[in-house]
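Could you have a look at this structure, given as structure tokens, before my questions?
Only the coordinates and a few stated rules stand behind these numbers; no lab work does. Because the structure is predicted, anything quoted here is derived from the model rather than measured. When we count neighbours, we look across all protein chains shown, and the Cβ atoms used for this are built from the backbone with ideal geometry, even at glycine.
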Amino acid sequence: MDTLERLKGLLSEVYDGAIDTSGITTETKLIEDIGMKSIAMLYMAMAIEGEFKVSLSNEDLPKMQTVGDIVRLVESRM
């Protein structure tokens, strides 16, 4: 499973299955398109760290504007 598909699974988990991840692409904006709030971003960061065995810092969170930003960040740390 590629990074994007794994991230879509994490998004579904963070939102308890309440969002449809089928249309999520690397261009999907976390705030504007998904409506992600700061607390969900923290949960997402923790889920990413657990799933991909990477470490994220507080400075990484503002860089995560799109799903593609997360993909690139994760892949650069793997």
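Scan segment 58-78 and tell me whether some residue there is surrounded by fewer than 16 Cβ atoms within 10 Å (Cβ to Cβ) and touching a Phe, Trp or Tyr at 6+ places or on another chain (Cβ under 7 Å).
Looking through segment 58-78, at least one residue is surrounded by fewer than 16 Cβ atoms within 10 Å (Cβ to Cβ) and touching a Phe, Trp or Tyr at 6+ places or on another chain (Cβ under 7 Å).
Looking only at segment 47-77, count how many residues are within 10 Å of the chain's Cα centre (by Cα) and either closer than 16 Å to residue 13 by Cβ or in a loop (DSSP other than H, G, I, E, B) (or both).
7
Next question. Quickly run through segment 21-41 and pick out the residues that are surrounded by 10 or more Cβ atoms within 10 Å (Cβ to Cβ) and in a loop (DSSP other than H, G, I, E, B).
21, 24, 25, 26, 28, 35, 36, 37
If I go through segment 42-53 residue by residue, how many of them are among the aliphatic types (A, V, I, L, M) and buried (at least 16 other Cβ atoms within 10 Å of the Cβ)?
4
Here's another thing I want to ask about it. Out of all the residues in segment 9-20, is one or more surrounded by 16 or more Cβ atoms within 10 Å (Cβ to Cβ), part of a helix (DSSP H, G or I) and among the polar types (S, T, N, Q)?
Checked against the condition, which is being surrounded by 16 or more Cβ atoms within 10 Å (Cβ to Cβ), part of a helix (DSSP H, G or I) and among the polar types (S, T, N, Q), segment 9-20 yields no hits at all.
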